Amino acid sequence: MGTYFEFIAVPDVTEADAPRKGAELTQWLVREGIICEAINTECAMGDEGQPPGPRYVEAIEEGESRGNLYGVTDQCGLAIITSRHLYHNWVGDFEYSCTLCNARFDDSADEDACRLYKDSILDWHDSGTPGSFACAQCGVERSIVEWQRDGPWVVANLGMKIWDWPLLSKTFIARIERQLGHPIRDIQGKF
Ligand SMILES: [Zn+2]
C-alpha cells in the first residue's frame, strides 16, 4: 500500500518562462491523450491535477505495474507546477556539490554548510528573492537553481508531479525533453 510518486523537474527553465512552458506541456499532454483536459483537485494531492487520458499507456514503461492506475484512476493525477519548488523523494541524506570547484557537502560531514543551503532553498521558495547561494569552498555565488542536481532532490521553476502511476518510459521521458527543449530530472518514490 502507500502512494507512489514520480516527479519530473526541469531545472533549466527560468521563472519567467515557466508558466508558458508549463501551459505548452499541458496542452501537448492533453493532445497526446496522456492526460484529460479537465482539472481535478482531488486527484493530485491538492494540486490542480489532471487524470490520466485515454492513451496514458503510451507514456508508461511496458509491463510496469507500479501504482494504482489500473484500479483507482480518480486519484491518479498529474499536476504541472509552474512556480518555485523543491522536488525531493525524502530518502537518503541531503547532499549537494559545487559545479565549479567540485566541493561536495553532505549532512553527516558538513552539517553547517547543508543547513545554510537548505535555508537558502526555503528562502528562495517562500520569498520573491533571487535566492543566490555561495559555495563554502570556492566562495562563488550563484542562483539556487544553478547548483549541481545529482542528489535525490532538485529545485526548479517547472515540474510535474505524477501520483500513483506506473513509471514513465525512458522513451516518453525523452519525448518530454524534446518537447520542452531542456533536460529533465526524474525523481521517484513512495509515501
Ligand atoms: Zn565551489
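Some notes on this structure:
- Number of the condition not met by GLY131 [criteria: (1) over 19 Å from PRO52 (Cβ atoms); (2) surrounded by 15 or more Cβ atoms within 10 Å (Cβ to Cβ); (3) at pLDDT 95 or above]: (3)
- Identity of the residue in the stretch 24-59, of a type in the set (D, E, K, R), within 19 Å of LYS170 (Cβ to Cβ) and not in a helix (DSSP H, G or I), that ends up farthest from the chain's Cα centre (by Cα): ARG55
- Enumeration of residues in the stretch 91-110 that are surrounded by fewer than 16 Cβ atoms within 10 Å (Cβ to Cβ) and either among the hydrophobic types (A, V, I, L, M, F, W, C) or touching a Gly at 6+ places or on another chain (Cβ under 7 Å) (or both): VAL91, LEU100, CYS101, ALA103, ALA109
- Residues in the stretch 137-164 that are modelled with pLDDT of 90 or more, surrounded by 14 or more Cβ atoms within 10 Å (Cβ to Cβ) and either touching a helix residue (DSSP H, G or I) at 6+ places or on another chain (Cβ under 8 Å) or not assigned by TED's automatic domain parsing to the domain that holds ASN40 (or both): GLN137, ALA156, ASN157, LEU158, MET160, TRP163.
- The stretch 43-65: number of residues that are over 15 Å from ILE81 (Cα atoms) and touching a residue at least 40 places away in the same chain (Cβ under 8 Å): 9
- Condition check for ARG175: surrounded by 14 or more Cβ atoms within 10 Å (Cβ to Cβ) and without any contact (Cβ under 8 Å) to a residue 24 or more places away in the chain: yes
- Counting only residues that are within 24 Å of the chain's Cα centre (by Cα) and either among the charged types (D, E, K, R) or more than 16 Å from the ligand (Cβ to nearest atom) (or both), the stretch 90-113 holds 9 of them.
- Residue list for the stretch 50-90, restricted to those being touching a Lys or Arg at 6+ places or on another chain (Cβ under 8 Å) and either surrounded by 18 or more Cβ atoms within 10 Å (Cβ to Cβ) or modelled with pLDDT of 90 or more (or both): LEU78, ALA79, ILE81, THR82, TYR87
The values are calculated or read from the model by the stated rules, or taken from the named source; none is laboratory data. Remember, predicted model here, so these are calculated numbers, not experimental data. Using ideal geometry, Cβ is built from the backbone for each residue, glycine included, and neighbour counts are taken over all protein chains shown.
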